[in-house]
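*Asks:* Quick one: this structure, given as structure tokens, is what I'll be asking you about.
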Amino acid sequence: MSYGILIPNAAVAQDDKGEFAWVLYEKEKPLGNEFYVRRAYINIDDSDNSKTAVLSGISMDDSIVVGYNRNLSEETRVIQD
């Protein structure tokens, strides 16, 4: 079986609207670009002990946030590793 997009289980979060992943995006600023996060609600096909197969809600081009050590919310500014 082939899955389109696989993400680590640690990247999947849930709120009252459903499952989502935090997606990194870039904003151009006068002194340089900054990175922020947004929720991307996802439709899950299947998962195992380490990965989740995503049907829709994110694309292969999205940078998914994994291993964050603080509470995130929409528009949280982050540093990209």
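*Asks:* Could you please give the count of residues in segment 25-42 that are outside any strand (DSSP E or B), open to solvent by less than 70 Å² (accessible area, probe 1.4 Å) and under 18 Å from Arg77 (Cα atoms)?
*Replies:* So the first thing to find is which residues in segment 25-42 are outside any strand (DSSP E or B), and the list is 28-33, 42.
Still in the running and open to solvent by less than 70 Å² (accessible area, probe 1.4 Å): 32, 42.
This time we only want the ones that are under 18 Å from Arg77 (Cα atoms), so: 32.
Adding up the residues that qualify gives 1.
*Asks:* Within segment 3-11, is there a residue that is open to solvent by 80 Å² or more (accessible area, probe 1.4 Å) and either assigned to a loop (DSSP other than H, G, I, E, B) or β-branched (Val, Ile, Thr) (or both)? Full working, then the answer.
*Replies:* If we filter segment 3-11 for residues that are open to solvent by 80 Å² or more (accessible area, probe 1.4 Å), which is where we start, we get 6.
Of the ones still in play, those that are also either assigned to a loop (DSSP other than H, G, I, E, B) or β-branched (Val, Ile, Thr) (or both) are none.
Looking through segment 3-11, none of the residues is open to solvent by 80 Å² or more (accessible area, probe 1.4 Å) and either assigned to a loop (DSSP other than H, G, I, E, B) or β-branched (Val, Ile, Thr) (or both).
*Asks:* Taking Trp22 and the conditions (1) assigned to a strand (DSSP E or B); (2) out of contact with any strand residue (DSSP E or B) (no Cβ under 8 Å at 6 or more places or on another chain), which numbered condition does it fall short on, given that it satisfies the others?
*Replies:* (2)
*Asks:* Of all the residues that make up segment 53-81, how many are of a type in the set (A, V, I, L, M, F, W, C) and not in a strand (DSSP E or B)? Give the derivation first.
*Replies:* Of segment 53-81, the ones of a type in the set (A, V, I, L, M, F, W, C) are 53-55, 58, 60, 64-66, 72, 78-79.
After this cut, where a residue has to be not in a strand (DSSP E or B) as well, the list is 58, 60, 65-66, 72, 79.
Result for segment 53-81: 6.
*Asks:* Among the residues of segment 38-53, write down those that are modelled with pLDDT of 95 or more and in contact with a Phe, Trp or Tyr (Cβ under 8 Å, 6 or more places away or on another chain).
*Replies:* Within segment 38-53, Arg38, Arg39, Ala40, Tyr41, Ile42, Ala53 meet the criteria.
The values are calculated or read from the model by the stated rules, or taken from the named source; none is laboratory data. In this text, all values refer to a predicted model and were calculated from it rather than measured experimentally. Using ideal geometry, Cβ is built from the backbone for each residue, glycine included, and neighbour counts are taken over all protein chains shown. Heavy atoms of the whole protein, side chains included, go into the accessibility calculation; ligands, DNA and RNA do not. Shrake-Rupley method; radii C 1.70, N 1.55, O 1.52, S 1.80 Å.
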